[in-house]
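Here the structure comes first, spelled out in structure tokens, and everything after it is commentary.
Read-outs throughout are calculated quantities, based only on the coordinates presented, and are distinct from any laboratory measurement. A quick note: this is a predicted structure, and the numbers were derived from the prediction, not measured. Virtual Cβ from ideal backbone geometry, glycine too; neighbours counted across all protein chains shown.
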Amino acid sequence: MTLRLQQLNEASPEVALQMLDGLYEHSPWIAERALQHRPFASWAHLKHSMAQVLNDAGRDAQLDLIRAHPELAGKAMVRKELTAESSNEQSKAGLTECTPTEFERIQALNAAYKQKFGWPFILAVRGPRGTGLHKHQIMAAFERRLNGHPDFELQECLRNIHRIVEIRLNDKTACFPTQGDQVWDWQEDLAQHSDLGFQENGQLTVTYLTPAHLACSASIQSTLKTAGFDEVFVDAVGNVVGRYHPAVKGAKYLLTGSHYDTVRNGGKYDGRLGIYVPIACVQALAKSNKRLPFGIEVVAFAEEEGQRYKATFLGSGALVGQFNPDWLTQQDADGITLREAMTLAGLNEQDIPKVQRNPSDYLGFIEVHIEQGPVLNELNLPLGVVSSINGSVRYVCDMQGTASHAGTTPMSRRRDVACAVAELALYLEQRAGADGDSVATMGQLQVPHGSINVVPGRCQFSMDMRAPTDAQRDALERDVLKALDEICQRRGVVCQREVTMRASAAPSAPAWQQRWEKALTALGVPLFVMPSGAGHDAMKLHEVMPQAMLFVRGENSGISHNPLESTTSDDMQLSIDAFDNVLQQLATELS
Ligand SMILES: [Zn+2]
């Protein structure tokens, strides 16, 4: 029997509870309490309500739930005592067919985990795509998480339980994330292409105009064509562009997209998700022969990360007329200039100015991106609306004091710059923390040629400060520089500082941010608004047209620029639904 949302909303409490039977292992009380929040606007709404119940229930109840779960490939599995749901999940992951050595290894891990944390290891073995993790992925996750902090690990177990429930609910309701799965598969497919030197090690690296990069470009072009875009082309900097025509010729376009290059040994979703989500939406429109009162232009930006050449945002920058001709003579690590790389790739330098868009041809720019941070993951929220891309400022500093004998220099007579910088680092942490949504980092900190028996006389360090508005960033910067001056004065040391980067904040255009907010509300996804700590292509488009971004939750604490970067096809589906909702809103507004 397939469960329908309306049935669940209208059933008596007893019958409704029966409908949700088996979601949380041996713990019907979670569904029971969540049902008090009926009617649910969507399955996402129900899932969030259940997660909230568990969150509010406290640590003891959470531990009871975790302990109600069987060990992975444990004795219960061997004795065939698992619930039907658990048995199905463990066999889908191939755990019921472990070799004796694998089985032994899992038992050892189970024992070590149980001893360290006091509860069984919980992993959603059907994984982020719902089709099952490989045995080696399961072992790797097990070994990694064994090193976690107990507080974090408890929450990670609960998140995995929510994921198990999500998949069980999909099975119950026969509501599968079909487009999310498609977007997942497109990204998996694109991740086959990786630069030489990384491909061999199973790592994903796609830098500007390498053979792997060109293969990605070809793959995206073919996906755009198959999806039903009317025009597909590569522009003079290598951006792949797909245009889906409006109902009426001459109407404006909605601009969207993200980047397909990656950092070294990066993840599969950074950038790429924002290319494929709109493609999935256009595919659905094309399939049903639907045209909107505006066109849709998806741009897969060729370069955002600045890895092979120091030319960050080259792809989106070209759309706003910011291609810097000085970049052309830059050489990569092998001495190949950017100009040579472009010629080799068949790109025509003369055409670069033509890449610039006329803002009046467009309604605005929207970008979907994986969050690349832990916030949504921790809050059990699938989506977040971006309020602003943080403004930032970066310094490199060189502090000088007096290097002197560690044994003979009394504490009162030292000019110890390591201590001075340490004091500054703690101030930086405290001052940014006081804002709530500012961040500041001292990522580089060293005592050049330091010795164990010498008081540090020289220290080099960096500071990176970011905030949702320029004014907030400037206030943070002012206070930090004041503290630096005060520390130098008091300790009798000097510090040279240089600004290496200053980027303005890009607050979302209110009307566009509201469209995302309306979409989330329509989907029954709790609304959460947050700034973006990282820079994105939307920052560039911000300079010429209104923009707003949507974030999608990352798994594994939202880790990014890392092979562990992940998100589920269910969350991808929700971002597609949200994107589609924004398209419908615009269509209504314009007709
Ligand atoms: Zn990105």
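Points worth noting:
- Reduced Cα scattering model of region 5-173, Debye log10 I(q)/I(0), q = 0.16, 0.17 Å⁻¹: -0.94, -1.05
- A dipole drawn for region 232-294 from +1 and -1 charges on Cβ atoms has a positive end, and of 269, 289, 240 the residue lying farthest that way is 289.
- Electrostatic tally near residue 131: other residues with Cβ closer than 13 Å to its Cβ, Lys and Arg +1, Asp and Glu -1, net -3.
- Other residues whose C-beta falls under 11 angstrom from the C-beta of residue 278 contribute a net charge of -3, scoring Lys and Arg +1 and Asp and Glu -1.
- Tensor-based shape of region 120-171 (alpha-carbon gyration tensor, a/c under 1.5 rounded, otherwise prolate or oblate): oblate
- When each of the peptides 361-372, 44-55 is scored by how many other beta carbons lie within 10 Å of its residues on average, the order from highest to lowest is 361-372, 44-55.
- Placed amide H near residue 258: partners under 5 Å, 5+ positions off or other chain: 275, 299, 301
- Largest-first principal axis extents of the Cα set of region 184-242 (Å): 38, 27, 11
- For the chain, the dipole from Cβ point charges (+1 on Lys and Arg, -1 on Asp and Glu) about the Cα centre works out to 500 debye, to the nearest 20.
- Burial order of peptide ranges 9-22, 294-307, 389-402 (average beta-carbon count within 10 Å, highest first): 294-307, 389-402, 9-22
- The chain - share of DSSP beta bridges that are antiparallel (%, nearest 5): 65 percent
- Under the combined filter of DSSP loop state and at most 13 neighbouring Cβ atoms within 10 Å, region 235-275 retains none of its chymotrypsin sites (Phe, Trp or Tyr not before Pro).
- Distance from the alpha carbon centroid of region 522-537 to that of region 198-243 works out to 27 angstrom.
- The overall shape of the chain is oblate: from the C-alpha gyration tensor, with semi-axes ordered a ≥ b ≥ c, the ratio a/c is 1.5 or greater and a/b is no larger than b/c.
- When both region 36-65 and region 436-458 are represented by their alpha-carbon centers, they are found 45 Å apart.
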